[in-house]
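Bear in mind these aren't lab numbers, they're just calculated from the coordinates by the rules spelled out. Just so it is clear, the structure is predicted and the values come from calculations on it, not from any experiment. A quick note on method: Cβ atoms are made from the backbone with ideal geometry, for glycine too, and the neighbour counts reach across all protein chains shown.
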Amino acid sequence: MHSTSSEIERNASNLIENLATEAVGTAAADSWYCIVACAFAACNQGTLVARVYQRAISSYMDDADDRKRILHRIKESIIKVTVIFGIPRGINAIRSIIKVIPPGDEYDNTKSRKEMIDPVVEYDRGLRYMRNIFREDLDPFLDTMELHSRDLKEMVVDYIYGHLQSNLDVIDAITTSQLNIVSLIPMDVMTEVAWHMRGLIRNGGSVNQIQYVLDTVDRICKVTEVQLRNELPTVDLVIDAERLF
């Protein structure tokens, strides 16, 4: 029997409060809201992204700069992973936030990327970022894409990694990997989850940081009643594997 929308919203609000409290004094103290917002967006719960934002700024109602910083980080997080869960869900998430921005904070339209960047520079940056994450898997993957779908290859290297993922001005590499994981799991695409679990380690993260996002997205999937058909990868089996492709 499925819960009503109001029941899901109530249970999710309680979960958001718990996740915020649990993050205090941990490595996730300034990233929990980005991670949780993207997980809810991936679960097609845009209105709950607004709840995450409201909880994140609740301790900074007298500090507009911190509120704007949090808003900028959440928006950048969603932009980075919208390519995973889809533009419509990304739009819904951003629109839900817009409705609850405090007066005076509405028009923070800060951009994380330069207006113009040399396409070759961006492509090379994306390729370097991918090589650190995928290493031995990268060339076979790109060769397959080159043979069967050059458009997809160029989109992945140039736009997803060159333009979005490798831009670390606002969201660092470890958090970016965490965002990827919590966005991929509700999509039930476990091969890609394995790649980014390993990628989190290669980006300088820890097993504990993997476990944190796995636990977080599991709780969010349960409260939003997102059911997965495929089995999650085992952390120990993927983080040291040279080849997953």
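Which of the GluC sites (Glu not before Pro) found in segment 136-245 are loop residues per DSSP with 10 or fewer other Cβ atoms within 10 Å of their Cβ?
E231, E242
Using Cβ counts within 10 Å as a stand-in for footprinting exposure, how do M61, M197, M190 rank, fewest first?
Numbers: M61 10, M197 29, M190 18.
Neighbour counts put them in this order, fewest first: M61, M190, M197.
Between the alpha-carbon centers of segment 139-193 and segment 1-56, tell me the distance in whole angstrom.
First find each Cα centre; the distance between them is then 24 Å.
For the chain, count the residues as N, evaluate 2.2 N^0.38 Å, and divide the Cα radius of gyration by that value, please. Display every interim value, and only then the final one.
Working: Rg = 17.9 Å, N = 245, 2.2 N^0.38 = 17.8 Å.
Relative to the rule-of-thumb radius for its length, the chain sits at 1.00.
Tilt of helix 119-134 relative to the longest C-alpha principal axis of the chain, in degrees (0 to 90, nearest 10)?
Value to nearest ten degrees: 90.
Could you tell me how many degrees, from 0 to 90 and to the nearest 10, lie between the Cα long axis of helix 32-42 and the main elongation axis, the longest principal axis, of the Cα atoms of the chain?
Tilt relative to the chain: about 80 degrees.
Against the longest principal axis of the chain, how steep is helix 138-148, in degrees 0 to 90 to the nearest 10, with axes from Cα atoms?
Its long axis makes an angle of about 80 degrees.
Before rounding to the nearest 500, sum -39500 (n - 2.57) across all DSSP H runs of length at least 4 in the chain and divide by the residue total; then give [θ] at 222 nm in deg cm²/dmol.
Roughly -20000 deg cm²/dmol at 222 nm, from the helical runs in the chain.
Given the options C38, S177, I160, identify the residue whose Cα lies farthest towards the positive end of the charge dipole of the chain (+1 on Cβ of Lys, Arg; -1 on Cβ of Asp, Glu).
The residue sitting farthest along the positive end of the dipole is C38.
Give a residue-ordered list of calculated ³J(HN,Hα) values for segment 191-197 (Karplus: 6.51 cos²θ - 1.76 cosθ + 1.60, θ = phi - 60°; whole Hz; x for Gly, Pro).
4, 5, 4, 4, 4, 7, 5
So what is the relative contact order of segment 1-81, in percent, for Cα pairs below 8 Å that sit 6 or more residues apart? Could you put the intermediate results ahead of the total?
Details: 52 pairs, mean separation 23.2, N = 81.
Computed over segment 1-81, the figure is 29 percent.
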